[in-house]
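Engineer: This is the structure I want to talk about, given as structure tokens.
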Amino acid sequence: MSTAYKQEVVLRCEGLHRYLGEGEGRVHVLRGVSFEAYRGNVYAIVGPSGCGKSTLLYQLGLLDRTDGGQIWLDGELMSNSGDAERTAARNRHIGFVFQFHFLMLEFTALENVMMPMRKAGRLTNEQMTQRARELLSSVGLGEKTHRLGTQLSGGEQQRVAVARALANEPSIILADEPTGNLDQKNSSIVFDLLTRLAKENGQAIVLVTHNNEIAKRCDYVRPMRDGEFLSPETGS
Amino acid sequence: MSPNFLIALRFLTAKKRAMLMSLSCIVLGVGLFIVTQATTSGFENFFIRTILGTNGAIRIDNKFQDTLGAMYAAGTDAGESSMIISNREGKKLIQGIDEPQLLINALRPFGNVSGISQVLTGSVVVESAFSEADAKVFGIALDDHVAVSDLEDQIVGGSLADYRVTPQGLLVGSILAERLRLEPGDSLTLQSRDQRRRYTVTTLFETGVGDIDEARIYMPIGEARSLLKQTSGASYLQIGLFDPDRAPYDALLMESTLAHSATSWQERERTWLEVFRALRLSSAITVSVFTLIAGLAMFNTLAMIVMEKTKDIAILRSMGFTREDVLRIFLWQAVIVLIIGALLGCLVGAGGTYAVSNMRVRIRGIFATDTFIVAWSMWHYVAAVTTAVVMVMMASVVPARRAARLEPGDVIRGTAQ
């Protein structure tokens, strides 16, 4: 599958810079990072804490402003666009999975998955419900669609988050330590789900992880240190 | 249902207790605002009805010679001009009206005039079998006076029919009658200058205005002329208007046209009207404190929700919800509480107004009533709801904007302020 999509770049960035903090505490977190993600491939960004991998992920996900450099999403230059365009692009092209799942706890699993679809407004209520059910079934939660976030285990919540990330059929999924808060068994389940579903749909996955086992199972691993990639892309 | 509204509703129900506080304050604020406005306006309206029903909309009395005169807009007659410049300075006043009929004829063309009653007044000493008191007789033509007053509705003993058929019959104010222990059918003596005449009390009236009820006696104007030895003229003309609110304008026009002092009820009762206005305003300000508290409670609740929901806001933003969506989500919460609060507040206000209107309270002096007087006006509800909307929405905008300004990257990274 990855070969079939190899030529299609979903996400590209060049010379990304980012500073955090102010005054004497100002830190140069990203130092001219460049990166490309192709459809159907899974990329792992690894490195020690504070090396800038999560900051890079938020930059790539248009959640954060850059201090230099450019980002293209599906061929469209996004780094200079306004908040409205970036927000619309997130809804249309990007699915996020975070370490602490960030489910909206007042909503059921089904409603959480439907939320990005509601915002996109492309489907009818019946279609949204149908798709959300299918996604929850595909992550093994078909029987728990009407449970509130608080009534699900950590692994189940993360699986709902995976289903939610896939809801609008994004071209790329950005995952920040998606298994960081899970035990080994659940980590494996969530990673397998994420990669299987993404590859089935030809979506690129960029994940930040400390978990070497998970990183080894990705198509490409990019080690980072002090705001830079250490070496050229390595395939696994 | 829009996703923003749905999220607002869920956030709201997750904070039931805090929202109930805001809701209760809005209900109380709106409800009490309505009740206080209904009672103060009720008493004010009743006072106005009373003064219109006793002394009429306009009173024309002393003649004056205008040294500066009045100016009308060019090319118009006195009755047509909409621009009048009048000056009360430098006028020489001559007591009473010499030619009342001429003035009455001149007043007929005024379109807003519904009735005119000429009145002759004079001081007398009243002597009953029990006691004696100072009083004032008011000579009137009954039908004319009924047309410019509520005298017909103010009868508390005997009847106007008795008055009409009884020679030497009198209409006596209720307090005066009580003081002199007079009942319909009793005799009394009126003494004016060197005359003493015997009359029969046929009817008792009560206006509710203490000053009137304790000193006023109505009698036929012909009899008054004879008793007061004033063969012609009148003390004043009492004018009834179809639209009493236009009285100041009409009075100004009449004064300019007739060269007699014309006083509108608004000018005559300015002091009391100002008192009522001040009462209405002060009660509105006082009860608005509840609405202010509602606004503060809403601010507090929304600020708490913003703090607790920063991660939800971040995830919503990452899913494609715009800053405006986040702003709307928080403003919707305020709007939902406001709508429920305003509706309940209006119901409480209406129920409270109804309950107050049935409370017994005996008031005599400036008007007579045995129950609380209330005014049912849509504008009280509009003003109460508007006050609540302004205060609560103003208080909600700050936390809502704060929520909208949150940077999702900062929240997820854990550095959001």
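The values are calculated or read from the model by the stated rules, or taken from the named source; none is laboratory data. This one's a predicted model, so the numbers in the text were calculated from it and none came from an experiment. When we count neighbours, we look across all protein chains shown, and the Cβ atoms used for this are built from the backbone with ideal geometry, even at glycine.
Engineer: Only residues in segment B:358-372 that are within 19 Å of B:Ile175 (Cβ to Cβ) count as the first member; pair them with residues that are among the hydroxyl-bearing types (Ser, Thr, Tyr), Cβ under 6 angstrom, at least 6 apart or cross-chain, and list the lot.
Structural biologist: B:Ile363/B:Thr369; B:Phe367/B:Thr50
Engineer: State the number of residues belonging to segment A:73-115 that are modelled with pLDDT under 85 and facing chain B (nearest Cβ under 8 Å).
Structural biologist: Of the residues in that region, 3 qualify.
Engineer: Here's another thing I want to ask about it. Which count do you get for residues in segment B:206-252 that are part of a strand (DSSP E or B), of a type in the set (Ser, Thr, Tyr) and over 18 Å from B:Leu176 (Cβ atoms)?
Structural biologist: Residues that pass the stated criteria total 1.
Engineer: Just wondering, is there one or more residues in segment A:61-70 that are part of a loop (DSSP other than H, G, I, E, B), touching a strand residue (DSSP E or B) at 6+ places or on another chain (Cβ under 9 Å), more than 9 Å from chain B (Cβ to nearest Cβ) and among the β-branched types (Val, Ile, Thr)?
Structural biologist: Yes, segment A:61-70 has at least one match.
Engineer: With the condition kept exactly as written, say whether any residue in segment B:335-351 is assigned to a helix (DSSP H, G or I), within 14 Å of chain A (Cβ to nearest Cβ) and over 33 Å from the mean Cα position of the chain (by Cα).
Structural biologist: Among the residues of segment B:335-351, not one is assigned to a helix (DSSP H, G or I), within 14 Å of chain A (Cβ to nearest Cβ) and over 33 Å from the mean Cα position of the chain (by Cα), which makes the answer no.
Engineer: Hey, A:Leu193 hits all of (1) modelled with pLDDT of 85 or more; (2) surrounded by 19 or more Cβ atoms within 10 Å (Cβ to Cβ); (3) under 18 Å from A:Ala165 (Cα atoms) but one; which does it fall short on?
Structural biologist: So the condition that A:Leu193 fails would be (1).
Engineer: Is it fair to say A:Thr150 is within 14 Å of chain B (Cβ to nearest Cβ), exposed (fewer than 14 other Cβ atoms within 10 Å of the Cβ) and closer than 21 Å to A:Ala88 by Cα?
Structural biologist: no
Engineer: Counting only residues that are more than 14 Å from chain A (Cβ to nearest Cβ) and in contact with a strand residue (DSSP E or B) (Cβ under 9 Å, 6 or more places away or on another chain), how many does segment B:365-417 have?
Structural biologist: Residues in segment B:365-417 being more than 14 Å from chain A (Cβ to nearest Cβ) and in contact with a strand residue (DSSP E or B) (Cβ under 9 Å, 6 or more places away or on another chain): 9 in total.
Engineer: Which pairs do you get when a residue that is more than 8 Å from chain A (Cβ to nearest Cβ) and in contact (Cβ under 8 Å) with a residue 40 or more places away in the chain, found in segment B:1-19, comes within reach of a residue that is surrounded by fewer than 17 Cβ atoms within 10 Å (Cβ to Cβ) and in a helix (DSSP H, G or I), reach meaning Cβ atoms under 8 angstrom, with the pair 6+ apart or on two chains?
Structural biologist: Once the first residue is more than 8 Å from chain A (Cβ to nearest Cβ) and in contact (Cβ under 8 Å) with a residue 40 or more places away in the chain and sits in segment B:1-19, its partners that are surrounded by fewer than 17 Cβ atoms within 10 Å (Cβ to Cβ) and in a helix (DSSP H, G or I) give B:Lys15/B:Met304; B:Ala18/B:Asn300; B:Ala18/B:Met304.
Engineer: Still on this model: Provide a single number: the residues in segment B:364-383 that are in contact with a helix residue (DSSP H, G or I) (Cβ under 6 Å, 6 or more places away or on another chain), surrounded by 15 or more Cβ atoms within 10 Å (Cβ to Cβ) and not in a loop (DSSP other than H, G, I, E, B).
Structural biologist: Within segment B:364-383, residues that are in contact with a helix residue (DSSP H, G or I) (Cβ under 6 Å, 6 or more places away or on another chain), surrounded by 15 or more Cβ atoms within 10 Å (Cβ to Cβ) and not in a loop (DSSP other than H, G, I, E, B) number 2.
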